[in-house]
1. Note down all Cβ pairs under 7 Å where the first residue falls in segment 262-276 and is over 15 Å from Asp328 (Cα atoms), the second is among the acidic types (Asp, Glu) and open to solvent by less than 40 Å² (accessible area, probe 1.4 Å), and they're at least six residues apart or on different chains.
2. Based on this model, can you work out whether Thr154 counts as in a loop (DSSP other than H, G, I, E, B), closer than 19 Å to Glu89 by Cα, open to solvent by 20 Å² or more (accessible area, probe 1.4 Å) and not aromatic (Phe, Trp, Tyr)?
3. When only residues in segment 166-202 that are over 25 Å from Tyr251 (Cα atoms) and among the charged types (D, E, K, R) count, which is least open to solvent (accessible area, probe 1.4 Å)?
4. For Gly300, indicate whether it is closer than 30 Å to Leu340 by Cβ, of a type in the set (Gly, Ala, Ser) and either within 17 Å of the chain's Cα centre (by Cα) or in a loop (DSSP other than H, G, I, E, B) (or both).
5. Scan Arg357, Arg320, Arg290 and give me the residue that is free of Cβ contacts under 8 Å to residues at least 24 places away in the same chain and not in a helix (DSSP H, G or I).
6. Confirm whether Tyr323 is among the hydroxyl-bearing types (Ser, Thr, Tyr), under 26 Å from the mean Cα position of the chain (by Cα) and crowded, with 17+ Cβ neighbours inside 10 Å.
7. Taking segment 168-191, which residues are modelled with pLDDT of 95 or more and polar (S, T, N, Q)?
8. How many of the residues in segment 294-318 are of a type outside the set (Val, Ile, Thr) and open to solvent by less than 20 Å² (accessible area, probe 1.4 Å)?
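The values are calculated or read from the model by the stated rules, or taken from the named source; none is laboratory data. Please read all numbers here as calculations on a predicted model, not as lab measurements. Cβ placement follows ideal geometry from the backbone for every residue including glycine, while neighbour counts extend to all protein chains displayed. Keep in mind that these areas ignore ligands, DNA and RNA; they rest on the heavy atoms of the full protein, side chains included. Shrake-Rupley method; radii C 1.70, N 1.55, O 1.52, S 1.80 Å.
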Amino acid sequence: MPYMTKPLILLLCLVVIGECRKHGHRVRRWTGTVETQKHGTSLAKKPPDVTKSRKMKTEHLLKVDDHDFTMRPAFGGPAIPVGVDVQVESLDSISEVDMDFTMTLYLRHYWKDERLSFTSSTNKSMTFDGRLVKKIWVPDVFFVHSKRSFIHDTTTDNIMLRVFPDGHVLYSLRVTVTAACNMDFSRFPLDSQTCSLELESYAYTDEDLMLYWKSGDESLSTDDRISLSQFLIQKFHTTSRLAFYSSTGWYNRLYINFTLRRHIFFFLLQTYFPATLMVMLSWVSFWIDRRAVPARVSLGITTVLTMSTIITGVNASMPRVSYIKAVDIYLWVSFVFVFLSVLEYAAVNYLSTVQDRRERKMRERARSQSLPCTCGISQTRTMTMLDGTYSEADTNSLAGYTEEPMVPERSRKSCTEVLEKPEHMVVICVSSESTTTKKKKSLRAINIIQNTHAIDKYSRMIFPGSYIFFNLIYWSVYC
């Protein structure tokens, strides 16, 4: 009996607790009803909370599952018109070596697909991100002659889709594309380049898809802050035409054309001025004594090597084209002027050596034949020296000769005629007759002819004049 008492007491407690809970719940419901009646509201059922109701899916609203979006709108009918407009965000770079350009732009497509129409009391459009694009039909526009391109995806795919109740669609995406540009460098760096970005449908010919600029030339807009370091952007404009492929047919193609003019100041500082200074430096050798062989040779070699370095540096940043550029003409003509200045000194040195050899032979011949002096002075010894070849010892050796007055002009002429009138020679006629027989002054007759070669004289005028004339023609043609 004691064992049965405990379970009975426990069961009785549970029953009492259950009744208490039911009674409390009834009191709360009755209290809420009374409060509602106090606020003057009806006892009818409250409307459902719309924030907790389940909305219709996008696929159901646009009836995506009810249609086959692998086919274009109005399949089998006339070509669907697709309008395009572009906003250029930036022109990132122009590469002469790769002959391409990089551009970032907003590409927008406009078309009508009645399969996407929906009912709207406010007639407002609905905007979606890129996830819906994979489920509907969109134009397959691609960039012709594109090397690299991508759609920006930070922080998410930069794609926007806007659908209007009547079925009109706006499809926008942000793209960076690197495309080829056929550049002509025949006037480089005084050139202007025209590049084009071409858009075309990949699969649909003009019978299925008509691609056109939505607002003509106003379909292309640019940012006024777009600038490049080496180019001045002169003009943006649009064109369109048909492109033909022998295997597939005719396609509508849209063109974004822009013209760039190169800034010349950078190349004046880096190329033209240094080349001009090297040419002018090579002319300094014309004023250096021809006997200073190390000075003139080192100056000529230095200017030639410097010009070679300038030419190599310019061509390193350019494509290997098979035609001559404007800068090549200037640099190579400058190189020829520098090289000719070196050849000029080689000619001067060679002719001077030949002349010295000839005069030495004549001097040896006169000594071997013991030619008498025809200066009209008896018992006179003759000494002949080349200008610039005599030393101080040779000059001092004249002390052994008898001092006599300078011979007259006519007698001096006779002396030079005996020696076949050699150029650049010094003839010293000293009489050994006693000073008591004739009244003559004591002086030493030394006639030193300053020797500046004729080629150097002419080069001082010909080289600068020719280079100035070349510059006048060059800048008048290319500017």
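1. Listed by first residue and then by second, the contacts come to Arg262/Asp191.
2. Working: in a loop (DSSP other than H, G, I, E, B): yes; closer than 19 Å to Glu89 by Cα: yes; open to solvent by 20 Å² or more (accessible area, probe 1.4 Å): yes; not aromatic (Phe, Trp, Tyr): yes.
Yes, satisfied.
3. So the residue we want is Asp191.
4. Working: closer than 30 Å to Leu340 by Cβ: yes; of a type in the set (Gly, Ala, Ser): yes; either within 17 Å of the chain's Cα centre (by Cα) or in a loop (DSSP other than H, G, I, E, B) (or both): no.
So Gly300 does not fit the description; no.
5. Working: Arg357 fails: not in a helix (DSSP H, G or I); Arg290 fails: free of Cβ contacts under 8 Å to residues at least 24 places away in the same chain.
From the options Arg357, Arg320, Arg290, the qualifying one is Arg320.
6. Working: among the hydroxyl-bearing types (Ser, Thr, Tyr): yes; under 26 Å from the mean Cα position of the chain (by Cα): yes; crowded, with 17+ Cβ neighbours inside 10 Å: no.
In short, no.
7. The answer is Ser172, Thr176, Thr178.
8. To start, the set of residues in segment 294-318 that are of a type outside the set (Val, Ile, Thr) comprises 294-296, 298-300, 305, 307-308, 313, 315-318.
Now drop any that are not open to solvent by less than 20 Å² (accessible area, probe 1.4 Å), which leaves 296, 300, 307, 318.
Matching residues across segment 294-318 total 4.
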